[in-house]
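Below is one structure, written out as structure tokens, with a few remarks after it.
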Amino acid sequence: MGDHDQDQSARGIRRRTVLGFGAALGIAAGSLSVPFAQTPAQAADSFTCSGPASFFNNNTSGLLYHRTLTNPLTTTYSWSGATDIGKSGWTFGRMLGGPNGRVYAINSAGLTRFRWTGTTWEQVDGKINWLLSSSFTGYATSAFRDKITVDEAGDFYLIDGNGILRWYRFDEPSRKWVISGKALDTGWDKYNLVVATSPGVLYARLAADGTLHRYRFDPATERWLMRDKLVGSSGWAAFTRGLFSAGGDSVFGIQSNGDLYQYRYREDTGTWPVLFQKIGSGWNFPNVFATTNTCHQGGLTSPVKPSTPTVANAPLSAMQAPPAPGATLGTVEYAYTDNIGRLVHGRQTDPDSFSSVQWTPVSGADAHTGKPALIADYQGRINLYGHQTNSDIRPLSQTAPGALTWNAWGNLAGGMRSEPSVVRLSDDSLAVFALDTDGALWARPQNGRDGDLLPWTKLGGTGLTGTPVVDAGLNGTATVTAIDSTGAVVTATYQNRALTAPFASIGGGTGFAGTPAVVVMPGRRAMVFARHSDGTIKKQYQNTDGTWPGTWTLVGTGTITPAGNPAAILDPNLGRILVVTRTTENSIYNAWETGQGTETWGTWTLNGGEGLYGVDPTAFSYQASGGTRLAFVSRTLNGTVVPFVTDASVLTRTAAPRFSSVKIPQPKK
């Protein structure tokens, strides 16, 4: 490899000016692409360059050259002469710029990192070449060389052979890939080129017609802030020698004849203040690239994360896992966030014995808030999703069905105000939903049942409150139910990273608060329960044609004043609905539907002692050796976890089964 493998190869590199090359660098008038209409502004313009932009190129003889562009992205630009900074061996199939003089080179050995300081090559372990990975070799080939890029911050983005856009980050101090191939999007096989500019900003060229499309991924929150925005006409196909950036939404392109052009895009206006400006000719080289962080767009900032401190007396999640291989019954799983922010997981290994519950704090040093989400994936592994006090959401999954061990915590970021809701769709993939500061709904769908959860995509809605309730439907759909800022109960239909039916009120007025409860009845009709400001729990039952009657009716007889969020569940034995609620006096009451399909309700019945329970109840069913049982779980004001279980002998269709509290082992405090 010539000078690349010499321990002190930075010494003695021949530095010479290539005379006459700069004389050919001139400005050309003309127009290649026309800006398209944009969405409303998302960022103000605050574009700056810290100084001259560093450009690099190799030639067919394996020499590497460096030159600077003073006043880039202006009409007063000027070029320095070219300096030879690599005397031999620079014959890589693909070379890329990175921040602060980093140069990335790809060949059959993998991905190698260099760094030009401006006067010499930085040495790492006594050498200028640092092999970061033996992978990425395919991106040195003509088929994929334009499908890998580095942004202003130094993150890598590439399109793999399956058309998946993937994200990589190498941490130099630890010498590790801290993000390694996280899937960001699918369907990118339609693009034949991708170039990154500002952090997470990607321009992709459509192979079919040469149009340019802009994406903006926010690495801090892992949200898509812009997707597939058409920003350039078919003229971008003329840049057959590639596109690259010096940062800050700047784009440089080289046409087949070696002419070099510069562009700059403004997201806030959707225009190109620098458009098709020729700044040179004769750039017929195998690789041309620039340092990626000379320029910066200060108007592109991450969304502000909301404050999500630990909330006392957060509800529990509870569910039964599918039976592990060789087992007849599944374990019963519990999770909650305690009053100091620990996320505590409980596992009842024997569904017939509540004394078999074992508790483990699983949150480590991180603080959480609110009610976590529990769900089983298609393999039968339990997945737990917690909401951190920094407003991010993170997942934890079993290493295998029935295993006592967990994989390492993941990170879904988000910056979300609400707790997460998770659903398993009809194709067995998972999707996570949450609300942002403005009450808009976002989703992270899984890329197939074995893939990554793709970044957060904004679905719509505004002013939504509480936590969205999500129920799976047919063909990958889901129904989302929430309460908006006016106190109306609203629903929307989700499918394939979008709302196919936007949020609309189900009617019957306003005045509702918190998070509703939803029971999906036979025929996929939903019955919604919600707490009203008049001190009642009310319900509305969807019509058979999918519409709503717009009329709410009271649940339960007797005088109670509900607080918090109700729980509702269809008893699998009786075919009747149970509704459970906490009251303002911190007592737990339940009401049964009087018969199958009657939609009338019995008396509110006290469970346990009065004034003991500060946590909203969570209802669930589970399979024991004697059949299916119905239960709900709460915590007392002193933090004791208390399940309530129905009497298994009461299975008549009209009787109101009573619940008995059960003593169980308690988490250590």
* Structure fact -> Note on A335: of the conditions (1) closer than 22 Å to L430 by Cβ; (2) among the aliphatic types (A, V, I, L, M); (3) assigned to a loop (DSSP other than H, G, I, E, B), unmet is (3)
* Structure fact -> Taking region 115-139 and keeping only residues that are under 17 Å from L64 (Cα atoms) and of a type in the set (A, V, I, L, M), one is left with I128
* Being at positive phi and either of a type in the set (A, V, I, L, M) or free of Cβ contacts under 8 Å to residues at least 12 places away in the same chain (or both), is that true of even one residue in region 359-373? -> no
* Structure fact -> By residue number, the members of region 412-432 that are in contact with an Asp or Glu (Cβ under 7 Å, 6 or more places away or on another chain) and either part of a loop (DSSP other than H, G, I, E, B) or among the small types (G, A, S) (or both) are L412, A413, G414, G415, M416, R417
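Please find, among K663, K669, the residue that is of a type outside the set (D, E), within 34 Å of the chain's Cα centre (by Cα), surrounded by fewer than 18 Cβ atoms within 10 Å (Cβ to Cβ) and assigned to a loop (DSSP other than H, G, I, E, B).
Checking each option against the conditions leaves just K669.
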* Among the residues of region 554-563, is there at least one that is surrounded by fewer than 17 Cβ atoms within 10 Å (Cβ to Cβ), in contact with an Asp or Glu (Cβ under 8 Å, 6 or more places away or on another chain) and not assigned by TED's automatic domain parsing to the domain that holds G370? -> yes
* Which listed residue is assigned by TED's automatic domain parsing to the domain that holds F252, surrounded by fewer than 19 Cβ atoms within 10 Å (Cβ to Cβ) and under 24 Å from the mean Cα position of the chain (by Cα), from A220, A143 -> A220
* Structure fact -> For D471, the lone unmet condition from (1) within 24 Å of G575 (Cβ to Cβ); (2) under 22 Å from the mean Cα position of the chain (by Cα); (3) buried (at least 20 other Cβ atoms within 10 Å of the Cβ) is (3)
* Being of a type outside the set (D, E, K, R), touching a Leu at 6+ places or on another chain (Cβ under 9 Å) and not in a loop (DSSP other than H, G, I, E, B) is the filter here, so list the residues in region 271-314 that pass it. => P273, V274, L275, F276, Q277, I279, G280, N287, V288, F289, A290, C295
* Condition met for T337 (of a type in the set (S, T, Y), over 29 Å from the mean Cα position of the chain (by Cα) and either crowded, with 17+ Cβ neighbours inside 10 Å or under 16 Å from Q623 (Cβ atoms) (or both)) -> no
* To do: With the checklist (1) buried (at least 23 other Cβ atoms within 10 Å of the Cβ); (2) among the polar types (S, T, N, Q); (3) more than 17 Å from the chain's Cα centre (by Cα) in hand, flag the one item T399 doesn't pass.
  => (1)
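The values are calculated or read from the model by the stated rules, or taken from the named source; none is laboratory data. Predicted model, so just to flag it, every value in this text is computed and none were measured. Reconstructed Cβ throughout: ideal geometry from the backbone, glycine too, with neighbour counts over all protein chains shown.
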